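Visitor: Here's a structure for you.
Read-outs throughout are calculated quantities, based only on the coordinates presented, and are distinct from any laboratory measurement. Everything numeric here is computed off the predicted structure, so don't read it as measured data. Neighbour counts run over all protein chains shown; Cβ positions are idealised from the backbone, glycine included.
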Amino acid sequence: MSGRTKDSLDGLEANSDGSTAGFQIYDDAFRKLIGPSPTLRHLLTSSDGHPIFHEAGVYLRESNTVYVSSNRIPSKHARQRATITSIPLDAVPSPRGSGVLASLELTDEGVQQSLARQVRTIHDLPEGLAMPNGGTNWTHEGQEAVLWCEQGRDDLDGEGARPVSSSLVVTLPNAAAPGLKTAGVLVDNYDGKPFSSLNDVVVHQQSGVVFFTDPDYGVGQSFKSGEQVYAPNALYAWDPSTSRVTMIDDNYDKPNGVTFIPDPSDPTSGRGLLATTDTGRFFMEPNEAMGEFKVDESRPACIYTYPIEPLSRDPGSEGVALPLAIGERSLLAHSESPIPDGLHPDRQGNLWVGSGDGLHVYDPVRRTLIGKVIVPGGRGVANFCWAGKVTVHDADGESHQEGQERVRDSREMYRLLLFCEQELWEACVMVDGSD
């Protein structure tokens, strides 16, 4: 990654604790992405203190709903568990503001209470799910669905906890009974060896190939058995047309986030960059509780890319495992925060990465960090998602008469939901993104 000659603090605001928050601009390219008046605001805090805003972040356009998985939660009957929370975006009021740091304030308490009543946390997960982590959009028989990375869970205490394998699981919203229903398990092993604890997943839209990562976090975090022989920690691909699983790269410590960045000059061509993170710097050692947290600065906290080209030959032909040519891995960046985690592209080919102090934004061609979204208090963002358009109304701008109503200036922006464990934050910028 190239060095920066100047840190611009445009858009940063000091908090009472001396920290800063807002939009940190290192390159004019980032200024264009966020626009002249981006917004950042806190939406919700978990009522019971559980980290229910953690991973996945799958936006279903038809229902205008986001599904997010929790971090690990202590459990009386299974040592630990996870939940899935649905966030109805129709219940989220439009932000107000003008200026670079338009709405860095707590959302109105009454609005928060109304939103909290409509956000639903699903504790009783459907068959095949116990510890869901990453997720992505999927279509099942013409319906919007979510494809989950289920980490799996073993009955380590002999308490009769329901054992669940690590697998790719499809769920549908359940209209008959609030919650989710399982539509199918797609894959649960590589070469006969079970996966350890699948972490993140993305679909290459043009080919249908599903890329996913499998670190062994489940063993270190004490919800998977350490006596089982698992598939290697690696980046994998599954081709639905052949049902074949291919190991792409096992040169990882803890393979974590994965996404695809389409070539912005021809986004439907199937060409682009596959991007991943390695979070080996943070790891766990198993114990009788939920694992012991460890940090090793000598281990990776990296972002990588692989060039992707579609192939004209059919998969299954001699020497062709996938309908894609995957080039050599390149280092995009060593993370400036403790670790990089979930990552997603914008429509202009930039890479946004959940990090230890917010979001870091890279130009993957120039291999340059161009900006950051800093969440107050140094809050980390494990993952995030784009969640459609939103109309932002200027709070302090001049209003004008329109019919019988006073209307303030407004602009169309794109909403990002930021998952900060116990807290849910929102940023609005001028660029759209995808999974």
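Visitor: Let me know the shape class of the stretch 164-308, please: from the alpha-carbon gyration tensor, a ≥ b ≥ c as square roots of the eigenvalues, rounded when a/c is under 1.5, otherwise prolate if a/b is greater than b/c, or oblate.
Guide: oblate
Visitor: Right, something else. Determine the gain in length on full extension of the stretch Q112-S47; use 0.36 nm per residue of separation and subtract their C-alpha separation, reporting nm with one decimal.
Guide: 22.3 nm
Visitor: To continue, here is another question. Size of the stretch 252-333 along its principal axes in angstrom, Cα-based, largest extent first?
Guide: 51, 30, 20
Visitor: If you place +1 on the Cβ of every Lys and Arg and -1 on the Cβ of every Asp and Glu, how big does the dipole about the Cα centre of the stretch 12-429 come out, in debye to the nearest 20?
Guide: It works out to roughly 340 debye.
Visitor: Same structure again: Which distance in nm do the two modelled labels at E227 and S330 give, with both placed 7 Å along the Cα-to-Cβ direction?
Guide: 4.7 nm
Visitor: Turning to a different aspect of this structure: Amide H to amide H under 5 Å from G128: which residues, 5+ apart in sequence or cross-chain, H placed 1.01 Å off N in plane?
Guide: none
Visitor: Give the shape of the stretch 163-230 as rounded, prolate or oblate, defined through the alpha-carbon gyration tensor: a ≥ b ≥ c are the square roots of its eigenvalues, a/c under 1.5 means rounded, and otherwise the shape is prolate if a/b is larger than b/c and oblate if not.
Guide: Oblate shape, in that a/c is at least 1.5 and b/c is the bigger or equal ratio.
Visitor: Something else now. About its Cα centre, what dipole magnitude does the stretch 249-362 give when the only charges are +1 on Lys and Arg Cβ and -1 on Asp and Glu Cβ, stated in debye to the nearest 20?
Guide: 260 debye
Visitor: Mind listing the long-range amide H neighbours of C302? Cut-off is under 5 Å, sequence gap 5 or more, other chains count too, H placed in the peptide plane at 1.01 Å from N.
Guide: The answer is D278, G280, S335.
Visitor: Would the stretch 283-374 count as rounded, prolate or oblate if I go by the C-alpha gyration tensor, calling it rounded below 1.5 in a/c and otherwise prolate when a/b exceeds b/c, oblate otherwise?
Guide: Oblate.
Visitor: Separate question: Can you work out ³J(HN,Hα) from phi for every residue in the stretch 132-147, in order, using Karplus 6.51 cos²θ - 1.76 cosθ + 1.60 and θ = phi - 60°, giving whole Hz and x for Gly and Pro?
Guide: x, 10, x, x, 7, 5, 8, 10, 10, 6, x, 9, 4, 8, 10, 9
Visitor: Given an 8 Å cut-off on Cα distances and at least 6 residues of separation, report the relative contact order of the chain as a percent.
Guide: Contact order relative to length: 17 percent.
Visitor: Amide H neighbours of S225 under 5 Å, at least 5 residues apart or on other chains, H built in the peptide plane: list them.
Guide: D154
Visitor: Which one, T242, G152, L369, is farthest towards the positive end of the dipole of the chain when Lys and Arg carry +1 and Asp and Glu -1 on their Cβ?
Guide: L369
Visitor: Give me the percent relative contact order of the stretch 178-262, please, defined on Cα pairs under 8 angstrom at least 6 residues apart.
Guide: RCO, the stretch 178-262: 30 percent.
Visitor: Semi-axes of the equivalent ellipsoid of the chain: what are they in whole Å, largest first, if each equals the square root of 5 times a C-alpha gyration tensor eigenvalue?
Guide: Three semi-axes, in Å: 34, 26, 22.
Visitor: Provide, in order from the shortest bin, the percent of all Cα-Cα pairs of the stretch 110-234 in each 10 Å bin, continuing until the bin that contains the maximum pair distance.
Guide: 12, 39, 31, 15, 3, 0
Visitor: Taking springs between alpha-carbon atoms closer than 10 angstrom, which of N199, N64, N233 fluctuates most in the Gaussian network model of the chain?
Guide: N64
Visitor: If you average the C-alpha positions of the stretch 249-301 and of the stretch 335-390 separately, how far apart do those two centres end up, in angstrom?
Guide: Comparing the Cα centres of the stretch 249-301 and the stretch 335-390, I get a distance of 14 Å.
Visitor: Under a Cβ-Cβ cut-off of 11 Å, what is the net charge of the residues other than G226 that fall near it, where Lys and Arg count +1 and Asp and Glu count -1?
Guide: Once positives and negatives cancel, what remains is -3.
Visitor: Still on this model: If exposed means no more than 14 neighbouring beta carbons inside 10 Å and the site is in a DSSP loop, what's the longest run of the chain without any exposed GluC sites (Glu not before Pro)?
Guide: 160-226
Visitor: Still on this structure: State which entries of K76/K224; K32/K389; K76/K294; K193/K254; K32/K294 exceed 27 angstrom in Cα-Cα distance in the structure shown.
Guide: Beyond 27 Å: K32/K294.
Visitor: Report, to the nearest 10°, how far helix 109-118 tilts away from the longest principal axis of the Cα atoms in the chain, using its own Cα long axis and a range of 0 to 90°.
Guide: Once rounded, one gets 30 degrees.
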